[in-house]
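Structure first, commentary second.
The values are calculated or read from the model by the stated rules, or taken from the named source; none is laboratory data. Bear in mind that the values here come from a model prediction, so they are computed numbers and not experimental data. Because the Cβ atoms are built from the backbone with ideal geometry, glycine has one as well, and the counts that use them run over all protein chains shown. Ligands, DNA and RNA are stripped out before the accessible areas are found, and what is left, the full protein with its side chains, is counted by its heavy atoms. Shrake-Rupley method; radii C 1.70, N 1.55, O 1.52, S 1.80 Å.
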Amino acid sequence: RHRPEDLATPAAFERDPQLVWEWYDWRRARIAGCAPNAAHVTLATWASRWPTYTLVTQNVDDLHERAGGASVLHLHGSIWHVRCAEGCGGGRRARRLDAVPLDPLPPRCPSCRGLERPDVVWFGEPLDALTLERAADAVDAADVVLVVGTSAVVHPAAGLIGVAAAAGAFVVEINPDDTPWSGDVGLTLRAPAEIALPAIAAALDRA
């Protein structure tokens, strides 16, 4: 009965932290019941194949890590991490919290007993500057950039595609649907990630 745009905001948390946390607790339970798909597994294997490989994700789940992925940059944070929203000054001192369901709800900071919040980027909040810088550096240095399953309309994450193109990388878009970048990338594969990525991996193994 609620839109993400109405709950994933600082104003919503200030107004009704219980409701926001009930929604996130429900989301955490749904994610806990999921398993990595073939796309997650393929991407994880590439982390060990190429030392300079970096995976940049807008997802807040941990499916890449559960598939065995390394060097994962979470632009929008992690739903499995929480941080103090008040007494400790907020900051970025996050801690992992795996309990499903959460008890107590909302969770409390172990240091000051103030409310904690999900360590994710909400609507209207900036991305973590260091994480974004690391992602931009990785894209700028890349020879090949795969843009997988994103609408490419959420900024500043979508701007990384332009960084890759300007740096001369070969950009491959993997998406069943058109995006604003479809006409400007080097190659577009109109297929779901869990089909396209294993196919690419098989072709590389044959090469």
> In the chain, what % of DSSP beta bridges are antiparallel (nearest 5)?
Replying inline: 45 percent
> With axes computed from alpha carbons, what is the tilt in degrees of helix 17-32 against the longest principal axis of the chain, rounded to the nearest 10 within 0 to 90?
Replying inline: 40 degrees
> Measuring from the lowest to the highest alpha carbon on each principal axis, how far does segment 48-105 reach, largest first, in angstroms?
Replying inline: 43, 25, 15
> Using a 1.4 Å probe, how large is the accessible area of SER71, given in Å² and rounded to the nearest 10?
Replying inline: 70 Å²
>> Taking the Cα centre as origin and putting +1 on Lys and Arg beta-carbons and -1 on Asp and Glu beta-carbons, what dipole magnitude results for the chain, to the nearest 20 debye?
In response: 540 debye
>> Heavy atoms only, 1.4 Å probe, whole protein assembly: order ASP205, ASP61 by accessible area, highest first.
In response: ASP205, ASP61
> So how far apart, in nm, are the two label points at ARG93 and ALA191 if each is 7 Å from Cα heading toward Cβ?
Replying inline: 4.9 nm
>> Ranking request for peptides 13-20, 146-153, 112-119: highest mean number of other beta-carbon atoms within 10 Å first, then the rest in descending order.
In response: 112-119, 146-153, 13-20
>> Using protein chains only and a probe of 1.4 angstrom, how many square angstrom of VAL163 are accessible, to the nearest 10?
In response: 50 Å²
> To the nearest whole percent, what portion of all C-alpha pairs in segment 117-207 is separated by more than 15 angstrom?
Replying inline: 64 percent
> Add -39500 (n - 2.57) for each DSSP H run of 4 or more in the chain, then divide by its residues: what number comes out at 222 nm, to the nearest 500 deg cm²/dmol?
Replying inline: -11000 deg cm²/dmol
> What angle, in degrees between 0 and 90 and rounded to the nearest 10, separates the Cα long axis of helix 38-49 from the longest principal axis of the Cα atoms of the chain?
Replying inline: 70 degrees
> Relative to the longest principal axis of the chain, what angle (0 to 90°, nearest 10) does the C-alpha long axis of helix 129-141 take?
Replying inline: 10 degrees
> Regarding segment 17-133, what are the three Cα extents along the principal axes, ordered largest first, in Å?
Replying inline: 44, 32, 25
